[in-house]
Amino acid sequence: AWQEAMNFVETVYQITSGFPDHEKFGLTSQIERAAVSVPSNIAEGAGRSGEKEFLRFLYIARGSLCEIETQLLIAQRLGYVSNMEKVMDEMNILFGLLGGLINSLQKRGDA
């Protein structure tokens, strides 16, 4: 999941590099920060003590993915990005990986 999240950050940065200059401190910055937070939260959660904390950070990472999806849809509506198929595919894969990790940790906690 962490590796996919790192690849996803690269994809997001490629997309935002084409945004207008006047969005540098607006939508561009917001999307990039949210993208960076995904692998960062996975890493931080993995480095914490205990599965409960790891779960918390995985949920935060998943929330950031939802935030990015909304922000990219806004960017698409504003005409900043047209083809979002690749980034949406990557996002869906990453969402699934995070969900799998979350489910596995929850099951271990239930046992």
Hey, among I74, I42, which residue is under 16 Å from E4 (Cα atoms) and in contact (Cβ under 8 Å) with a residue 24 or more places away in the chain? I42
May I ask you to verify whether I15 is more than 23 Å from G100 (Cα to Cα), in a helix (DSSP H, G or I) and touching a residue at least 60 places away in the same chain (Cβ under 8 Å)? yes
Those residues of region 77-94 which are touching an Asp or Glu at 6+ places or on another chain (Cβ under 9 Å) and either closer than 30 Å to G50 by Cα or exposed (fewer than 12 other Cβ atoms within 10 Å of the Cβ) (or both) amount to E90, M91, I93, L94
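Condition check ((1) at pLDDT 95 or above; (2) in contact with a Phe, Trp or Tyr (Cβ under 8 Å, 6 or more places away or on another chain); (3) open to solvent by 70 Å² or more (accessible area, probe 1.4 Å)) across all residues:
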position: P20; (1), (2), (3): yes, yes, no
position: Q30; (1), (2), (3): yes, no, no
position: R33; (1), (2), (3): yes, no, yes
position: S40; (1), (2), (3): yes, no, no
position: A43; (1), (2), (3): yes, yes, no
position: Y59; (1), (2), (3): yes, no, yes
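The values are calculated or read from the model by the stated rules, or taken from the named source; none is laboratory data. Worth saying up front: this structure is predicted, and the values here are computed from it rather than measured. Here the Cβ is made from the backbone with ideal geometry for all residues, glycine too, and neighbour counts use every protein chain on show. Areas reflect the complete protein model, heavy atoms only, side chains present, ligands, DNA and RNA absent. Shrake-Rupley method; radii C 1.70, N 1.55, O 1.52, S 1.80 Å.
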